[in-house]
Amino acid sequence: MNYSEFDTIDFVKDDFFCRWVQNPDQHTNEFWQDFLQENPEKKAMIMEAKSMIKTLASIQNTSIDEDASVAKIWQGVESEMEVSETPNNWGRYLWQLAASVTLLIGLGWWMNYQKEADKIFDIPQLSARNDGAEFVEKENTADQPMHVMMTDGSEIVLEKNARIRYPKVFEADKREVFLVGEAFFEVTKNPKRPFLIYTKKLITRVLGTSFTIKANPETEEERVVVKTGRVSVVSQLESKTVEKGVHFSEANGIVVTPNQEAIYLSSNAKLMKKIVTTPTILTTALQKQVFIYKNASLAKVFVDLEKAYGIKIIYDENLFEECTINGNLSDETMFDKLNSIAKITGIDYQVVDAQIIVSGKGCE
């Protein structure tokens, strides 16, 4: 089977792929992990196919109370299908369900189903609790930001049209919140109870920090922008590939620190890390620092920039040891400072994975 030529629907129809999604074992896990390593361009298709299979499987177990016309359509569909529910016919069975769903789309049922899913945040993690916990929901319908104080002392600032859902009493080992829209978080530090924010596309894990999450349901991207501390971010799709029993931690996601942001794009199911557009100096003490130099080594200037902005600068110190800086960079932004240094010394720089990579011929 040449899976490298498959599209999304081909994966949905394939029995072996469906068996991995529905009932994974060591053999199927190893096979598809190896396939993804060799064919990274297929990642988005596979994630989409997995989501479709799980959705179709859930529809099969959903009670649909519709009028006689829907029932008639179902009867027509079933009369033209030879449905088999045996394990080795999962792909055919799910493909038949997909045909049924296509007909339901014409009746508007699927659209209503999706709207209802969005209304309850379209995130299953918290709903897994079956201890009768009560939940609090807040929505900002005003033009001004809305402040929400949590029982643990954390504060959330909701922007217009943003909404959150969280348990009235947090669990003993974690603090979980659902978010739709944009919000700023100031999280009270508690290493024993990590704070988890679930959006439609991402899961953000923190111990204690401040950051902004932008999760507008009408856009294809979500962002996590860190102000202080550090957070770990993983996509919802990636989190579902982690074996049961493995808790989400920094090892499962990308770590984001001040002046960095995590960006997830639905178009390619890719989570990446970047430097924010306009980095700010991190602490009050460093804000008072004056970037005035007289015959200062390039290494000295880079150390100052790293401390001020928290951004790693990678360069060959031996290559640039003869480079010196003279001038006042105090009133410039971080990137303006780098551009000024480039003009003085002839260096080039690139931003790669939220780091500054410096290159050039050195100075004489």
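The values are calculated or read from the model by the stated rules, or taken from the named source; none is laboratory data. Small disclaimer: the values here were computed from a predicted structure and weren't measured. Reconstructed Cβ throughout: ideal geometry from the backbone, glycine too, with neighbour counts over all protein chains shown.
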Within segment 206-230, how many residues turn out to be modelled with pLDDT of 90 or more and within 18 Å of D152 (Cα to Cα)? 0
Segment 267-284 - residue that is surrounded by 10 or more Cβ atoms within 10 Å (Cβ to Cβ) and at pLDDT below 80 and, of those, nearest to I356 (Cα to Cα): T283
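To keep it simple, each residue is scored yes or no on (1) under 21 Å from V256 (Cα atoms); (2) out of contact with any Leu (no Cβ under 7 Å at 6 or more places or on another chain); (3) in the same structural domain as S232 (by TED's automatic domain parsing); (4) small (G, A, S).
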residue	(1), (2), (3), (4)
I292	no, yes, no, no
V301	no, yes, no, no
I313	yes, no, no, no
F320	no, no, no, no
Can T219 be described as closer than 27 Å to T141 by Cα, hydroxyl-bearing (S, T, Y) and in contact with an Asp or Glu (Cβ under 6 Å, 6 or more places away or on another chain)? no
Only residues that are in contact with a strand residue (DSSP E or B) (Cβ under 8 Å, 6 or more places away or on another chain) and more than 20 Å from F211 (Cβ to Cβ): list them for segment 132-175, please. A133, E134, F135, V136, E137, E139, P167, K168
Being of a type in the set (A, V, I, L, M) and within 17 Å of the chain's Cα centre (by Cα) is the filter here, so list the residues in segment 181-220 that pass it. A183, L196, I197, L202, I203, V206, I213, A215
Among the residues in segment 233-253, are any modelled with pLDDT of 90 or more, surrounded by 16 or more Cβ atoms within 10 Å (Cβ to Cβ) and hydrophobic (A, V, I, L, M, F, W, C)? yes
